[in-house]
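What follows is a short report on a single structure.
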Amino acid sequence: MTASTDFAGQVVPDSAAISRRFRRQDRLFFLLTLGSATLVVALLLAILVVLAIEAWPTFSTFGLSFLWGTTWSAPRDIYGALPAVLGTLISSFIAMLIAVPLSVGIAVFLTELCPARLRRPLGTAIELLAGVPSIIYGIVGLFVLVPLMQSTILPVLMATVGQLPLIGRLFQAPAPGIGLLTASFVLSVMILPFITAITRDVFNTVPVMLRESAYGMGMTTWEVVRHIIIPYTRLGMVGSIMLGLGRALGETMAVTFVVGSVTRLQTSIISPSTTISAQIANSFGDADGLQLSSLIALGLILFVLSFCVLALAKWLIGRTDSF
Amino acid sequence: METAVRSSIMNRRYRRNRIMMALAIGSSALGLFFLAVILATLVYRGIDAINLDVFTMSIPAQGSRGGLVNAMYGTVVITGLAMLIATPIGILAGTYLVEFANGSTLAEAAKFINDVLLSAPSIVIGVFIYGAVVVPMHGNSAIAGALALALIALPVVNRTTQDMLKLVPNALREATAALGAPRWMSMTMVIYRSAWTGILTGILLAVARISGETAPLLFTAGYSKFWNTGLTGPMASLPVAINTLAADPGPDLKRLAWGGALIITVAILALNILARSLAGRRSS
């Protein structure tokens, strides 16, 4: 290697050597980043493989009928996923019924009505709801909402909705306060900030020109929301709803505290019941053998469910091209 | 006659508008009400438990004095370890996806997979680490807990890095390249520096998210009443301690659970506000 000196007599390294060194360092940097990105992909595969291996005894014992088996009994060593899966689907569905209109209402308020200087603090306050740990929702739900459900809300529901034909049966049962409906209420508060944040963001993507033109034609605020903003942001809104649904499906601690742990099918939504995540959290600690494997199989089902919901959400949001 | 018809239509439209806007205001009030109820409950039930003991003593047996210091220590150690693992990998992975492979089909697939991890139910992550780490190691350990939380934080850091790097103007990359700087030098000395408030916000939000997680720690880090510093043994964390103590029939331990709930919520909300004010400073 030849080293030359500059006019002050200092040694100047040979430029070819420098560029060789730089190329070597760049190669290393590239490989580091590539390795990290590959690791992320490998981790997802690892999750699927480990869950599938651990869940295998369940599927080889019960076959696919595990999915619609209605019995979950440790003493008889028979396990079926249906009560937990239905519990998860129903509680998430009811939570969406409550959270979506509220979220859209808040998003309308934040984008259309709220004075500009209140917008940020109010938005932050709603987003803080998303920061509250799920265990907090669990204990506040158990010690505040459950007594309220038992003393007031459920008796009123049983006396009113419970008397209706058809859906009345869903509200007729001894009601200790904990149950699927209580879990749905807690879930709806938890997912509210997620749906609100994305809905507000997609509402803000509506071009000002479009909005102002509509107001200029004499439309009321509601008509602008109903006929301009919602049609314009339809796909993004559905995407945000799906993301909220994904949250609701996988939520564990908040639900575990208030849903009870009854692992059979219930005819009413106010009875103690279970969900996939609550069942795992409740029984995983002292399960072994086939029961442990079945709990892991439940985890695999949950993962697949939330994957499908996310994929759908991505596809819908992607089509609006705003994310 | 015609004006009367028109005004009745107008009246109907305005009435409907007023109803709908009242509903929008009502739902916002309800959202704030939920936050207020949660915070008020935590303060009301938890404030009695906040004393010097909570910060100096470990979790007691029923009927004796004690605090939560071992659980707080556990939360700090497990969260810190998780972030030490997740932050460099997340930043490097985000760098690859935006700087080296942006737009390619493989990178798009990797971004999608990262989003799948981002939305994976945390209990499933716990079950995975149980099968992959706890079973081979024959028991709960702080390391397993840290790995579970790292797996939750990693996609958050990765995603934020991607989003923030995309905001860095290309002119900066071209200018550093024109100066003859190698890629790594351009990244560390220019690009990361111009994106760092955003990345830091993401890291803080990831800390806020994982330090409140309970479900992935139940079967990984486990629970212990004692002051454990060994990383290969079970270690309590605040959320798991709250989960255990809240189920205790005794009023003392239940009060301790509420104290812990108040502490962790205040800490996490403060982190959230800090992260958001950082983000706000960037955008202004």
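With n ≥ 4 as the cut-off for DSSP H runs, can you work out [θ] at 222 nm for the protein assembly as shown, using -39500 (n - 2.57) per run divided by the number of residues, rounded to the nearest 500?
-22500 deg cm²/dmol
In a Debye calculation with equal point scatterers on the alpha-carbon sites of the stretch A:4-64 and no solvent, what is log10 I(q)/I(0) at q = 0.20 Å⁻¹?
The computed values of log10 I(q)/I(0) come out as -0.84.
Please compute the average number of Cβ atoms from other chains found within 10 Å of each residue's Cβ in peptide A:283-290.
Shielding by partners across A:283-290 averages 1.
Please identify the DSSP H helices in chain B that span no less than 24 Å along the helix axis (Cα) and have a mean Kyte-Doolittle hydropathy of 0.5 or more.
TM-like helix candidates: B:2-46, B:69-95, B:142-167, B:192-211, B:251-283.
Pairs of alpha-carbon atoms within less than 8 angstrom and 6+ residues apart define the contacts here; what relative contact order does the stretch A:80-320 have, in percent?
Once divided by the residue count of the stretch A:80-320, the mean separation gives 31 percent.
Rounded to the nearest 0.05, what FRET efficiency do A:L166 and A:A116 give with R0 = 30 Å and r taken as the Cβ-Cβ distance? Could you check?
Rounded to the nearest 0.05, the efficiency is 0.05.
Quick one: pull the percentage of alpha-carbon pairs in chain A with a separation above 24 Å.
More than 24 Å apart: 66 percent of the Cα pairs in chain A.
Quantify how strongly other chains surround peptide B:131-143 by giving the mean number of their Cβ atoms within 10 Å of each of its Cβ atoms.
2
Residues of the stretch A:80-320: accessible area per residue at 1.4 Å, in Å²?
Counting only protein heavy atoms, the per-residue value for the stretch A:80-320 is 38 Å².
Per 0.36 nm of contour for each residue apart, how much would the distance between A:Q10 and A:A74 grow if the chain were fully extended, relative to their Cα-Cα spacing?
15.0 nm
Computed on protein heavy atoms with a 1.4 Å probe, what is the summed buried accessible area for the chain pair B and A, in Å² to the nearest 100?
Interface between B and A: roughly 6600 Å².
Mind checking which helices in chain A clear 15 Å along their axis (Cα) and have mean Kyte-Doolittle hydropathy of -0.5 or more, DSSP H runs only?
A:15-62, A:82-108, A:116-131, A:180-203, A:234-250, A:289-320
Given the peptides B:164-176, A:95-107, A:199-211, B:119-131, arrange them by the average over their residues of other C-beta atoms within 10 Å, most packed first.
B:119-131, A:95-107, A:199-211, B:164-176
Residue by residue through A:43-50, how many Cβ atoms from other chains fall within 10 Å of the Cβ on average?
6
Defining a contact as two alpha carbons under 8 Å apart and six or more residues distant in sequence, what relative contact order in percent does the stretch A:136-224 show?
Worked out over the stretch A:136-224, it gives 25 percent.
Taking the simple approach of a point 7 Å from Cα along Cα-to-Cβ for both B:A178 and B:A109, what is their distance in nm?
Placing both labels 7 Å along Cα→Cβ, they lie 3.8 nm apart.
Can you tell me the alpha carbon radius of gyration of the stretch A:114-217 divided by the globular rule-of-thumb value 2.2 N^0.38 Å?
1.53
Please list the three semi-axes, largest first and in whole Å, of the ellipsoid equivalent to chain B, using sqrt of 5 times the eigenvalues of its alpha carbon gyration tensor.
Working from the Cα gyration tensor, I get semi-axes of 39, 35, 18 Å.
Would you mind getting the accessible area per residue of the stretch B:156-241, heavy atoms of the protein chains only, 1.4 Å probe, in Å²?
For the stretch B:156-241, the solvent-accessible area averages 41 Å² per residue.
Using a 1.4 Å probe over the heavy atoms of the protein chains, calculate the carbon and sulfur portion of the accessible area of the protein assembly as shown as a whole percent.
Whole-percent figure for carbon plus sulfur exposure: 67.
Once you place label points 7 Å from the Cα toward the Cβ at B:N170 and B:M189, how far apart are they in nm?
Label at B:N170, label at B:M189, 2.4 nm between them.
Among the lysines, which fall within straight-line cross-link reach of A:K314, defined as a Cα-Cα distance under 29 Å, with same-chain neighbours fewer than 8 residues apart omitted?
Cα-Cα hits under 29 Å: B:K111, B:K166.
The values are calculated or read from the model by the stated rules, or taken from the named source; none is laboratory data. Source: prediction; values computed, not measured. When we count neighbours, we look across all protein chains shown, and the Cβ atoms used for this are built from the backbone with ideal geometry, even at glycine. Each accessible area value is taken on the protein alone, full model and side chains, heavy atoms only, with ligands, DNA and RNA left out. Shrake-Rupley method; radii C 1.70, N 1.55, O 1.52, S 1.80 Å.
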